1. Name the residue that is surrounded by the fewest Cβ atoms within 10 Å (Cβ to Cβ), counting only residues in region 543-557 that are among the small types (Gly, Ala, Ser) and not in a strand (DSSP E or B).
2. Identify the single condition in (1) touching an Asp or Glu at 6+ places or on another chain (Cβ under 6 Å); (2) open to solvent by less than 10 Å² (accessible area, probe 1.4 Å) that Phe138 does not satisfy, given that it satisfies every other one.
3. Go through the residues of region 56-78 one by one and say whether even a single one is open to solvent by less than 10 Å² (accessible area, probe 1.4 Å), farther than 22 Å from Arg766 by Cβ, at pLDDT 95 or above and assigned to a helix (DSSP H, G or I).
4. Among (1) more than 21 Å from Ser648 (Cβ to Cβ); (2) modelled with pLDDT under 95; (3) not hydrophobic (A, V, I, L, M, F, W, C), where does His202 come up short?
5. For Asp527, are the conditions met, namely being in a loop (DSSP other than H, G, I, E, B) and among the acidic types (Asp, Glu)?
6. Give the residue that is nearest to the chain's Cα centre (by Cα), with candidates limited to residues of region 574-603 that are outside any helix (DSSP H, G or I) and surrounded by fewer than 14 Cβ atoms within 10 Å (Cβ to Cβ).
7. In contact (Cβ under 8 Å) with a residue 40 or more places away in the chain and open to solvent by less than 60 Å² (accessible area, probe 1.4 Å): which single residue out of Thr447, Thr480, Thr540, Thr465 fits that description?
8. Select from region 658-674 the residues that are buried (at least 19 other Cβ atoms within 10 Å of the Cβ) and either more than 30 Å from Thr688 (Cα to Cα) or of a type in the set (Gly, Ala, Ser) (or both) and list them in ascending order.
Amino acid sequence: MAKLKEHGLALSLQADAHTLIRRLSFDLHGLPPTPAEVDAFVADKSPDAYARLVDRLLASPRYGERWARHWLDVVKFAESDGFERNNLRPNAWPYRDYVIRALNEDKPYDQFVREQLAGDALGVDEATGFIVGGSFDFLQSFEPPYFNQIQRADELYEIVGTTGSAFMGLTVGCARCHDHKFDPISQADYYSMVAVFQGVEHGERPMHPRNHEEMEAAAAAQRKRLAALDAQLAPFAPKPQARRVIVLTPRKSGDAIAYTPGKARGQASDSGDELRLPTLNASFHAQSPAHHVGGWQPWDAPSAGRYRVWISWGASSDHAKAVRVMLDDREIARVDHTKFADGGTVVPAEKRWSGFHDAGVHTLTPASRIALHSEPGEGMCAADALLFEEIRSPADEAPTHAPHLRSPVVVKTNEERFVAVDAKFVRFTVLGSNTPEGYIDELEAFTVGPSPRNVALAEFGSRATSPSVNGENGNPFYLTDRRYNERAAWNSPANGPGHVQIEFPKLERIDRVLWSRNRSDRQPNLDDHLITDYLIEMSTDGQSWTQVASSQDRLGDAWRKRVPTIVTLSSVPPARTAEVSQLVAERRSLREQVKRLTDFPPVYAGALREPGPTFRLLRGDPLTRREQVSPGGLARFGKKLVLPRDLSERQRRLALGEWLTSVENPLPARVMANRVWHYHFGTGLVDTPSDFGMNGSKPTHPELLDWLATEFVARGWSLKAMHRLILMSETYRQSSRPHPKGLEVDAASRLLWRFPARRLEAEPLRDTMLAVAGQLNLREGGAGFFLFEPSISKSNIQTYVPKREFAEDDLRRMVYQTKPRAQLDDVFGAFDCPDAGQIAPSRTRSTTPLQAFNLLNSPFLMQQAAALAARLEREAGAEPAAQVRHAFRLMLGREPAKDETSAATAMITGRGLPLFCRALFNANEFVYAP
């Protein structure tokens with residue numbers, strides 16, 4: 001008031017009831033009031049009518065939907081990566097729902113801050129979507145690690161910068177390369193905050209429910225029994241073996257017959273279990289006895305050697321019952337093609353895979369052939385896979401219930417579990433790949449014991465090396481950097497075998513190796529550069545090597561897509577099959593129970609790991625490390641925060657949240673109080689809401705800002721209390737009508753001599769159109785809708801084509817849009833909608849011809865005009881004057897004047913009702929909040 005008097009101004013008169021309810025509804029809900037709500041408020045003459053209206057609007061779930069959009073602008077949240085590929089993040093939306101829920105619950109703001117920094121420790125995993133809500137350059141470099149180190153430094157810069165601007169209104173990122181030139185933030189301060197977030201990477205993790213600790217406790221009891229069962233079954237698991245396993249499929253002779261569709265035993269999609277192998281092929285080959293007099297030889301010649309021979313067939317009730325399996329001139333087995341290999345009965349009229357029958361151990365020569373014989377009058381002979389287990393020692397001749405066969409090599413994780421060995425070196429030799437240059441994005445070696453550790457990581461001191469071929473070594477450092485990504489991968493030589501080895505800092509006892517071509521979920525369809533033939537060896541001295549695994553006992557690459565996983569136990573003696581079967585059944589039941597207790601949906605809220613050391617970087621260059629820094633806060637703000645360097649990753653973030661919201665830190669309360677003022681009046685008391693530093697603006701009313709911040713904390717950090725405080729003020733309730741004196745002195749209304757009317761932002765404009773047209777879908781929460789037709793180009797780049805037709809789910813509130821980064825909706829993107837490339841604490845307000853074109857002629861506008869016209873006809877009848885009245889009440893919250901009714905009626909009569917609706921959608925009174 002003093003400033004107004006100083007400039008010869010005073011507050012304007014209070015706005016009328018029609019204006020106030022419309023202003024409040026747009027401000028708090030982003031939606032217009034209904035005609036019934038306007039009538040009720042205008043008719044309510046009680047002294048507390050306005051206060052009750054404020055309370056009712058704040059209690060609605062529409063409030064959180066409206067104000068969440070403001071916060072998402074502040075933190076530049078979007079649901080794609082940005083950069084050239086701009087891949088979608090299908091599990092990022094829970095953070096958006098968290099913000100909406102927190103606002104509707106009036107979660108204290110200090111708790112809101114802490115949860116966004118350390119929600120994983122506070123029962124709201126999705127809240128840390130704040131930390132990774134910004135852009136991410138997923139496309140790593142094949143170049144030396146320097147370039148990827150720069151990318152990682154950029155990621156941390158964005159995280160630290162957004163944290164500083166959102167909660168403190170400071171440009172902390174400006175201290176990345178040197179001390180801040182304007183604000184009291186040192187480069188050491190910046191790297192102290194980097195250390196806080198050093199363990200956070202872009203990615204997903206499980207989203208735990210609030211009672212997950214109870215669920216985990218229940219699961220822990222089940223895991224104890226599971227561990228005992230695993231130990232009992234471990235001797236039967238298919239560990240890598242040094243002997244060959246050869247699988248032959250029938251030649252294209254006879255009729256190819258498909259297996260019965262389904263997932264039951266032996267059906268086409270049977271994935272098998274611990275006691276039976278999956279159906280290897282989709283079909284089998286068959287011939288009648290008349291066609292194979294002297295024996296049918298459906299397989300090519302096997303390799304010479306000594307093998308255990310396993311035979312399989314397509315089982316059906318109309319097949320031959322007595323089929324002799326002949327090796328050269330000797331019968332080695334007699335089988336019934338109407339039954340499974342174990343003698344089980346096949347469902348009548350179905351075609352099922354038999355599984356393997358053990359035909360014994362035999363010596364094969366280069367001239368050996370295996371043939372099938374049956375008698376005339378029998379049914380069809382049916383041939384499928386033939387498997388040979390190489391015999392290298394007498395121990396290999398012991399019979400088992402199923403052949404030894406491991407899963408094919410896959411793009412994701414390949415596990416090699418073997419008898420523990422002492423090793424200081426692991427060597428991976430590539431003997432073949434499905435395209436030139438085999439890739440490995442990570443090679444991991446785990447120690448034995450209850451807490452296995454990947455000792456191959458560079459951060460633990462391990463070193464990866466690879467011989468140079470034509471001046472290239474394939475960048476072996478990628479194998480030990482903890483990054484799963486096709487671009488951060490070692491590649492073998494293109495024209496021949498190659499190898500890579502990792503040296504550990506000390507001798508370790510290893511029983512498991514994991515490796516992958518690309519373990520990231522971002523590009524699940526990659527299947528080139530896959531290593532299919534390999535050898536893994538261990539050594540204590542780097543000179544003498546012991547083979548621990550190879551590809552020769554895996555199913556071949558031809559089966560990879562059909563049979564990606566084999567879980568079948570292969571070392572069970574026939575005499576112990578029943579015992580093992582009971583153990584397997586119990587383990588399966590316990591695993592299902594544990595899965596129900598611990599299998600949580602993924603959320604894009606950061607992949608967390610324990611951090612390594614953080615160093616100050618001279619000029620921000622990752623190659624110019626200087627002294628190590630401790631995690632902490634900004635030295636000149638709030639109480640001093642310097643944390644131990646060995647503090648866990650989670651505790652670092654918790655401590656930062658406590659530091660930010662402590663009473664000694666004045667900035668978070670001031671910054672948020674200013675944001676609330678900014679969104680109510682269109683401009684903050686500080687009109688640079690995310691920069692309270694020297695380069696930001698000074699507050700127009702510093703004492704008022706101090707008082708608001710103090711009240712904010714005193715009222716329990718309640719945002720709804722701050723809304724009430726501001727909304728009940730005379731300043732907020734005054735008219736927006738201008739007058740010459742005010743425009744002459746303060747055209748921008750910074751002194752608030754009138755309420756500053758402003759155009760609706762993109763989201764409430766779209767929502768309001770849908771609401772008045774009767775099309776708005778108010779379904780709350782969950783995965784968002786697309787305003788684009790997303791697709792992946794041949795170069796693996798996400799593309800976005802705007803939709804022309806909209807389904808019911810596409811008509812939800814715009815806050816629920818799956819918002820891609822750097823890609824705006826064709827219609828409402830023109831209305832200054834941020835693209836989430838940068839923070840948007842204050843939106844620009846432009847007026848352009850494209851905005852007018854979009855509101856007149858876009859497909860969306862035409863559809864909503866047609867829907868509104870249909871609603872007017874349905875609810876107001878066929879009389880144009882009644883349609884005009886109803887339209888004005890729906891869209892403008894008032895009755896039309898006589899001249900408006902006359903002009904509108906003439907338009908409807910001459911040009912049609914949809915055109916009138918289009919015109920009213922373009923009225924300033926419709927697109928502006930009063």
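The values are calculated or read from the model by the stated rules, or taken from the named source; none is laboratory data. Predicted model, so just to flag it, every value in this text is computed and none were measured. Virtual Cβ from ideal backbone geometry, glycine too; neighbours counted across all protein chains shown. Heavy atoms of the whole protein, side chains included, go into the accessibility calculation; ligands, DNA and RNA do not. Shrake-Rupley method; radii C 1.70, N 1.55, O 1.52, S 1.80 Å.
1. Residues of region 543-557 among the small types (Gly, Ala, Ser): 544, 549-551, 556.
Within this subset, residues satisfying the condition of being not in a strand (DSSP E or B) are 544, 551, 556.
Working: Ser544: 9, Ser551: 21, Gly556: 15.
Once the filter is applied, the top-ranked residue is Ser544.
2. (2)
3. Yes - at least one qualifying residue is present in region 56-78.
4. (1)
5. On the way: in a loop (DSSP other than H, G, I, E, B): yes; among the acidic types (Asp, Glu): yes.
Yes, satisfied.
6. Here is the first cut: in region 574-603, the ones outside any helix (DSSP H, G or I) are 599-603.
If we keep only those that are surrounded by fewer than 14 Cβ atoms within 10 Å (Cβ to Cβ) too, we end up with 599, 601.
Numbers: Asp599: 16, Pro601: 10 Å.
Ranking the candidates gives Pro601 first.
7. Among Thr447, Thr480, Thr540, Thr465, only Thr447 is in contact (Cβ under 8 Å) with a residue 40 or more places away in the chain and open to solvent by less than 60 Å² (accessible area, probe 1.4 Å).
8. The initial filter retains those residues of region 658-674 that are buried (at least 19 other Cβ atoms within 10 Å of the Cβ), namely 659-661, 665, 668-674.
The answer is Ala669, Ala673.
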